[in-house]
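J.: Take this structure first; my questions come after.
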Amino acid sequence: MRVTSCFLGAAVLFLGVSAVSADEKSGVNEEGFMQKWLVLAPIPLKSDESGAAGNDREAIKDEGKLKPKAGDKVKIDDKELTWKEYTAKDHLLDFNGHLGAQTEDAIGYAVTFITSPDDMKVKMKTGSDDQCKVWLNGKEVFKFAEPRPADKDQDTTDVELKKGVNVLVVKVVNEKIDWSFCVRFTDKDDKPITTLKSDTKE
(Lines give C-alpha, C1' and ligand atoms only; values in the text may rest on other atoms or scores of the structure.)
Protein backbone atom coordinates (compact mmCIF):
# COMPACT_ATOMS: atom_id res chain seq x y z
CA MET A 1 0.00 0.00 0.00
CA ARG A 2 2.82 2.39 0.88
CA VAL A 3 4.65 1.46 -2.31
CA THR A 4 1.51 2.11 -4.36
CA SER A 5 1.01 5.48 -2.66
CA CYS A 6 4.60 6.45 -3.31
CA PHE A 7 4.27 5.39 -6.94
CA LEU A 8 1.08 7.37 -7.38
CA GLY A 9 2.64 10.39 -5.70
CA ALA A 10 5.66 10.19 -7.98
CA ALA A 11 3.40 9.83 -11.01
CA VAL A 12 1.39 12.90 -10.03
CA LEU A 13 4.60 14.85 -9.44
CA PHE A 14 5.95 13.74 -12.82
CA LEU A 15 2.75 14.74 -14.58
CA GLY A 16 2.79 18.09 -12.82
CA VAL A 17 6.36 18.76 -13.89
CA SER A 18 5.56 17.65 -17.45
CA ALA A 19 2.58 20.01 -17.60
CA VAL A 20 4.69 22.93 -16.41
CA SER A 21 7.44 22.07 -18.88
CA ALA A 22 4.94 21.87 -21.71
CA ASP A 23 3.64 25.34 -20.87
CA GLU A 24 7.18 26.73 -20.66
CA LYS A 25 8.08 25.15 -23.97
CA SER A 26 4.99 26.35 -25.84
CA GLY A 27 4.78 29.75 -24.16
CA VAL A 28 1.00 29.28 -23.94
CA ASN A 29 -0.69 28.34 -20.67
CA GLU A 30 -3.56 25.89 -20.16
CA GLU A 31 -6.11 28.67 -20.72
CA GLY A 32 -4.49 29.65 -24.00
CA PHE A 33 -2.87 32.92 -22.86
CA MET A 34 0.37 34.07 -24.51
CA GLN A 35 3.19 34.11 -21.93
CA LYS A 36 6.46 34.76 -23.80
CA TRP A 37 7.13 38.42 -24.57
CA LEU A 38 9.77 40.92 -25.59
CA VAL A 39 9.10 44.15 -23.70
CA LEU A 40 10.27 47.73 -24.22
CA ALA A 41 9.32 50.13 -21.42
CA PRO A 42 8.84 52.65 -19.93
CA ILE A 43 8.40 55.48 -22.43
CA PRO A 44 7.12 58.53 -20.50
CA LEU A 45 4.00 60.30 -21.66
CA LYS A 46 4.57 63.87 -22.78
CA SER A 47 3.79 66.68 -20.37
CA ASP A 48 0.00 67.01 -20.04
CA GLU A 49 -0.50 64.13 -22.51
CA SER A 50 -3.50 61.94 -21.76
CA GLY A 51 -3.39 58.16 -21.92
CA ALA A 52 -5.61 58.21 -25.02
CA ALA A 53 -3.32 60.72 -26.73
CA GLY A 54 -0.28 58.64 -25.85
CA ASN A 55 -1.97 55.60 -27.30
CA ASP A 56 -2.53 57.49 -30.57
CA ARG A 57 1.01 58.88 -30.72
CA GLU A 58 3.61 56.79 -32.53
CA ALA A 59 6.26 56.59 -29.81
CA ILE A 60 8.44 54.37 -32.00
CA LYS A 61 8.69 54.67 -35.78
CA ASP A 62 6.57 52.03 -37.58
CA GLU A 63 5.36 50.76 -34.21
CA GLY A 64 2.97 48.24 -35.72
CA LYS A 65 5.73 46.53 -37.71
CA LEU A 66 8.15 45.91 -34.85
CA LYS A 67 10.18 42.68 -34.99
CA PRO A 68 12.75 43.13 -32.22
CA LYS A 69 15.32 40.77 -30.81
CA ALA A 70 16.26 40.52 -27.15
CA GLY A 71 19.00 43.03 -26.43
CA ASP A 72 18.09 45.43 -29.25
CA LYS A 73 18.41 49.04 -28.10
CA VAL A 74 16.10 51.92 -28.99
CA LYS A 75 16.82 55.63 -28.51
CA ILE A 76 13.72 57.63 -27.56
CA ASP A 77 14.33 61.32 -26.97
CA ASP A 78 17.33 61.35 -24.60
CA LYS A 79 16.67 57.87 -23.20
CA GLU A 80 17.96 54.50 -24.41
CA LEU A 81 15.78 51.46 -23.77
CA THR A 82 16.50 47.77 -24.33
CA TRP A 83 14.13 45.05 -25.51
CA LYS A 84 14.05 42.42 -22.74
CA GLU A 85 12.46 38.99 -22.47
CA TYR A 86 9.60 38.48 -20.06
CA THR A 87 7.61 35.35 -19.18
CA ALA A 88 4.18 35.96 -17.67
CA LYS A 89 3.51 34.03 -14.47
CA ASP A 90 -0.17 33.65 -15.33
CA HIS A 91 -2.43 35.26 -17.92
CA LEU A 92 -1.14 38.81 -17.37
CA LEU A 93 1.82 40.53 -18.95
CA ASP A 94 2.68 42.71 -15.93
CA PHE A 95 4.77 45.72 -17.00
CA ASN A 96 5.33 46.86 -13.39
CA GLY A 97 6.44 43.37 -12.45
CA HIS A 98 8.81 43.29 -15.40
CA LEU A 99 10.31 46.67 -14.46
CA GLY A 100 10.43 45.89 -10.74
CA ALA A 101 8.68 49.12 -9.83
CA GLN A 102 5.32 50.83 -10.18
CA THR A 103 5.53 53.15 -13.18
CA GLU A 104 2.85 55.65 -14.11
CA ASP A 105 2.13 57.95 -17.06
CA ALA A 106 4.03 55.70 -19.44
CA ILE A 107 3.85 53.70 -22.66
CA GLY A 108 5.09 50.14 -23.11
CA TYR A 109 5.47 47.89 -26.12
CA ALA A 110 5.44 44.10 -26.15
CA VAL A 111 5.94 41.61 -28.97
CA THR A 112 5.38 37.88 -29.18
CA PHE A 113 5.92 35.58 -32.15
CA ILE A 114 3.00 33.17 -32.43
CA THR A 115 3.38 29.96 -34.41
CA SER A 116 0.15 28.48 -35.77
CA PRO A 117 -0.05 24.93 -37.19
CA ASP A 118 -2.58 26.05 -39.84
CA ASP A 119 -4.31 29.03 -41.38
CA MET A 120 -7.24 29.70 -39.07
CA LYS A 121 -9.97 32.22 -38.38
CA VAL A 122 -10.08 32.83 -34.64
CA LYS A 123 -11.31 35.16 -31.93
CA MET A 124 -8.66 37.29 -30.25
CA LYS A 125 -9.56 37.91 -26.60
CA THR A 126 -7.75 40.82 -24.96
CA GLY A 127 -7.69 42.72 -21.69
CA SER A 128 -5.66 45.79 -20.69
CA ASP A 129 -4.85 48.33 -17.99
CA ASP A 130 -5.11 51.01 -19.37
CA GLN A 131 -5.36 51.97 -23.09
CA CYS A 132 -3.97 49.64 -25.74
CA LYS A 133 -3.44 48.95 -29.42
CA VAL A 134 -2.81 45.59 -31.04
CA TRP A 135 -1.26 44.82 -34.42
CA LEU A 136 -1.21 41.36 -36.02
CA ASN A 137 1.26 40.84 -38.86
CA GLY A 138 1.61 44.60 -39.30
CA LYS A 139 -2.11 45.36 -39.38
CA GLU A 140 -3.89 47.23 -36.58
CA VAL A 141 -6.65 44.90 -35.41
CA PHE A 142 -7.73 46.43 -32.09
CA LYS A 143 -7.68 49.69 -30.13
CA PHE A 144 -9.06 50.62 -26.71
CA ALA A 145 -9.00 54.29 -25.71
CA GLU A 146 -10.18 54.46 -22.07
CA PRO A 147 -8.56 53.82 -18.67
CA ARG A 148 -9.65 50.55 -17.01
CA PRO A 149 -8.45 47.67 -14.81
CA ALA A 150 -7.42 44.57 -16.76
CA ASP A 151 -9.40 41.35 -16.81
CA LYS A 152 -9.55 38.28 -18.99
CA ASP A 153 -11.46 38.49 -22.28
CA GLN A 154 -12.61 42.10 -21.99
CA ASP A 155 -12.56 42.48 -25.78
CA THR A 156 -13.24 40.10 -28.66
CA THR A 157 -11.88 40.68 -32.17
CA ASP A 158 -12.18 38.38 -35.18
CA VAL A 159 -8.73 37.85 -36.72
CA GLU A 160 -6.89 35.42 -38.98
CA LEU A 161 -3.72 33.58 -38.04
CA LYS A 162 -1.59 32.32 -40.89
CA LYS A 163 0.21 28.99 -40.88
CA GLY A 164 3.69 29.53 -39.46
CA VAL A 165 4.91 32.57 -37.55
CA ASN A 166 2.61 35.50 -36.78
CA VAL A 167 3.89 38.73 -35.22
CA LEU A 168 1.72 40.23 -32.48
CA VAL A 169 2.67 43.75 -31.40
CA VAL A 170 1.01 45.33 -28.37
CA LYS A 171 1.13 48.90 -27.10
CA VAL A 172 -0.16 49.51 -23.58
CA VAL A 173 -0.46 52.86 -21.82
CA ASN A 174 -0.52 53.19 -18.05
CA GLU A 175 -2.10 56.25 -16.48
CA LYS A 176 -1.95 55.21 -12.82
CA ILE A 177 -1.07 52.20 -10.62
CA ASP A 178 -1.47 48.78 -12.38
CA TRP A 179 -0.11 48.28 -15.90
CA SER A 180 -0.90 45.04 -17.69
CA PHE A 181 -2.22 43.20 -20.74
CA CYS A 182 -3.44 39.73 -21.66
CA VAL A 183 -4.34 37.96 -24.89
CA ARG A 184 -5.47 34.53 -26.03
CA PHE A 185 -7.14 33.08 -29.09
CA THR A 186 -10.28 30.96 -29.10
CA ASP A 187 -12.36 29.09 -31.65
CA LYS A 188 -15.91 30.03 -32.67
CA ASP A 189 -17.22 28.29 -29.54
CA ASP A 190 -14.90 30.34 -27.30
CA LYS A 191 -12.71 27.33 -26.50
CA PRO A 192 -9.03 28.25 -26.07
CA ILE A 193 -6.71 27.24 -28.90
CA THR A 194 -3.81 25.51 -27.15
CA THR A 195 -1.98 24.28 -30.26
CA LEU A 196 -0.34 27.69 -30.72
CA LYS A 197 3.19 28.53 -29.59
CA SER A 198 4.36 31.86 -28.23
CA ASP A 199 8.05 32.79 -28.35
CA THR A 200 10.45 35.71 -28.16
CA LYS A 201 12.13 34.71 -31.44
CA GLU A 202 10.80 34.31 -34.96
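The values are calculated or read from the model by the stated rules, or taken from the named source; none is laboratory data. Computed from a predicted structure; not experimentally measured. Reconstructed Cβ throughout: ideal geometry from the backbone, glycine too, with neighbour counts over all protein chains shown. The area values use the complete protein model at the heavy-atom level, side chains included, leaving out ligands, DNA and RNA. Shrake-Rupley method; radii C 1.70, N 1.55, O 1.52, S 1.80 Å.
J.: Kindly provide the set of residues from segment 50-68 that are assigned to a loop (DSSP other than H, G, I, E, B), within 17 Å of Phe142 (Cβ to Cβ) and touching a residue at least 40 places away in the same chain (Cβ under 8 Å), ordered by number.
T.: Of everything in segment 50-68, just one residue is assigned to a loop (DSSP other than H, G, I, E, B), within 17 Å of Phe142 (Cβ to Cβ) and touching a residue at least 40 places away in the same chain (Cβ under 8 Å), namely Leu66.
J.: Return a yes/no flag: does segment 185-195 have any residue that is over 18 Å from Ala88 (Cα atoms) and in a strand (DSSP E or B).
T.: Taking every residue of segment 185-195 in turn, at least one turns out to be over 18 Å from Ala88 (Cα atoms) and in a strand (DSSP E or B).
J.: Considering only segment 146-182, state which residues are open to solvent by 40 Å² or more (accessible area, probe 1.4 Å), assigned to a strand (DSSP E or B) and of a type outside the set (Val, Ile, Thr).
T.: Matches in segment 146-182: Asp158, Glu160.
J.: Given the conditions (1) at pLDDT 95 or above; (2) open to solvent by less than 80 Å² (accessible area, probe 1.4 Å), report the number of the one that Lys46 does not fulfil.
T.: (2)
J.: In segment 119-145, what residues are crowded, with 17+ Cβ neighbours inside 10 Å and not in a strand (DSSP E or B)?
T.: Once the filter is applied, which keeps residues that are crowded, with 17+ Cβ neighbours inside 10 Å and not in a strand (DSSP E or B), segment 119-145 yields Asp130, Gln131, Asn137.
J.: Which of the residues spanning segment 72-100 are of a type in the set (A, V, I, L, M), within 28 Å of Glu31 (Cβ to Cβ) and open to solvent by less than 50 Å² (accessible area, probe 1.4 Å)? Even if it seems obvious, please write down each step before you answer.
T.: Taking segment 72-100 and keeping what is of a type in the set (A, V, I, L, M), we get 74, 76, 81, 88, 92-93, 99.
Now narrow it down to the ones that are within 28 Å of Glu31 (Cβ to Cβ): 88, 92-93, 99.
Within segment 72-100, Ala88, Leu92, Leu93 qualify.
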